[in-house]
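Heads up, the thing below is written out as structure tokens.
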Amino acid sequence: MLANGVNNVELREGAWFEPVARERFDRIVANPPFVVGLPEVGHVYRDSGLDLDGATELVLRETPSHLAEGGRAFILGSWLHVLDQPWQSRIASWLPSRGVNAWVLQRDVVDPGMYVSTWLRDESVDPRSDEGITRTLQWLDHFHEHDVHAVGFGWVMLEDIGDAPSEITCEELAQPFTDPLGTEAEEYFLRTGWLRGKTRDAILDASYLIRPTVALEDIKLADAEAGMGFSSETLRMTRTDGPRFSHTVDSGMVSLLSGLHPNGLSLRDVVGLFAVSHDVGEPEDVDKLEADAASAIVDLIRHGLVLPAEIAQLTHL
């Protein structure tokens, strides 16, 4: 490949990270042969030769040592759901205790039977054929021997954060969405970078913007008790862009959020006005309001429903 007449691609042959030993990079993008199965290679595009989810484990264990300062990695992978071990803990065990900010998004979870039949069909093997039945039994027996009850698939995004304690966030991404995640991942690292090391006081003294693409849903259901009309069920804030993250909120939180402006009052001042308008005068009660508001804002920032003023300016929102 050529860029402005200059060759900017270098091809190296070797196993896994061996061709780049002791080298570090600003960006790493990996779509390894992550199919979970027996330790064999039938198709090189999907089979690693490593047992079960060993390919994803290897890539996640090795990638942090190849990230330059502030470098980022974007990886596709699969992982086991095994008895007596949450999948989140399994992935976290592959990452270092210091130095990385990891965002793991599980997109799909399938049971062993569906997983095996899907990949057999991928190689044009009918699971009902003699070969398909034999392969299915071998594959499922191997899963059974290792207490596998499901297989997860998704994305792992890593950021080098120096010698700071690692931050590992694993979550489901089951809601439908169509926007690509590249821009979201970059902004996620901005948002979590802003949060890193922030005290409660710093959170309260900052100003914020509700993301312009956030919708407030007031869910009402038919009032079965009264036999007529509707009764309020829940309030929900949902992003209409990116991964379409959604958070349930109460009317008090809606009031606080309505008072936010990137060039306006700090969160602490908005909470203070709320306390006065609702006759909350005891110091301990005001302190609880502040603590609850700060905690809620942190969660909303992580999912990009609310942005600190500095990030809103950087992203031109």
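The values are calculated or read from the model by the stated rules, or taken from the named source; none is laboratory data. Just so you know, these numbers come straight off a predicted model, no measurement behind them. Cβ atoms come from the backbone with ideal geometry, glycine included; neighbour counts cover every protein chain shown. Only protein heavy atoms, including side chains, enter the accessible area calculation; ligands, DNA and RNA are left aside. Shrake-Rupley method; radii C 1.70, N 1.55, O 1.52, S 1.80 Å.
In region 255-317, Rg over Rh equals 1.01, where Rg is the alpha-carbon radius of gyration and Rh the Kirkwood radius from pairwise Cα distances. The value obtained for region 151-230, namely the Cα convex hull volume divided by the number of residues, is 241 Å³ per residue. Here the chain is scanned for GluC sites (Glu not before Pro) in DSSP loops (not H, G, I, E, B) that have at most 15 other Cβ atoms within 10 Å, and the longest stretch holding none of them is 124-224.
Which one of Trp79, Pro165, Ala296 is farthest out on the positive end of the charge dipole of the chain, using unit charges on Cβ (Lys, Arg +1; Asp, Glu -1) and the Cα centre as origin? Towards the positive end, the residue furthest out is Pro165. Computed log10 I(q)/I(0) for region 202-317 at 0.13, 0.14 Å⁻¹: -0.56, -0.63, from the Debye equation with unit scatterers placed on every C-alpha and solvent omitted.
Bridges between two residues of the chain, per DSSP, are antiparallel at a rate of about 80%. Averaging 1/r across all pairs of distinct Cα atoms in region 1-130 and inverting the result yields a Kirkwood radius of 16.9 Å. Seen through its C-alpha gyration tensor, with square-root eigenvalues sorted a ≥ b ≥ c, region 96-193 comes out prolate because a/c lies at 1.5 or above while a/b is bigger than b/c. Here the contact order of the chain, divided by its residue count and restricted to Cα pairs under 8 Å and six or more residues apart, works out to 15 percent. Averaged over its residues, region 1-137 has an accessible area of 56 Å² per residue, based on protein heavy atoms and a 1.4 Å probe.
Measure off, as a whole percent, the carbon and sulfur share of the 1.4 Å-probe accessible area of region 211-317, all protein chains present. Answer for region 211-317: carbon and sulfur cover 54 percent of the accessible area. Counting only heavy atoms of the protein chains and using a 1.4 Å probe, Arg239 has close to 0 Å² of accessible surface.
For region 188-235, trypsin sites (Lys or Arg not before Pro) meeting the loop criterion (DSSP other than H, G, I, E, B) and having at most 13 other Cβ atoms within 10 Å: Arg196.
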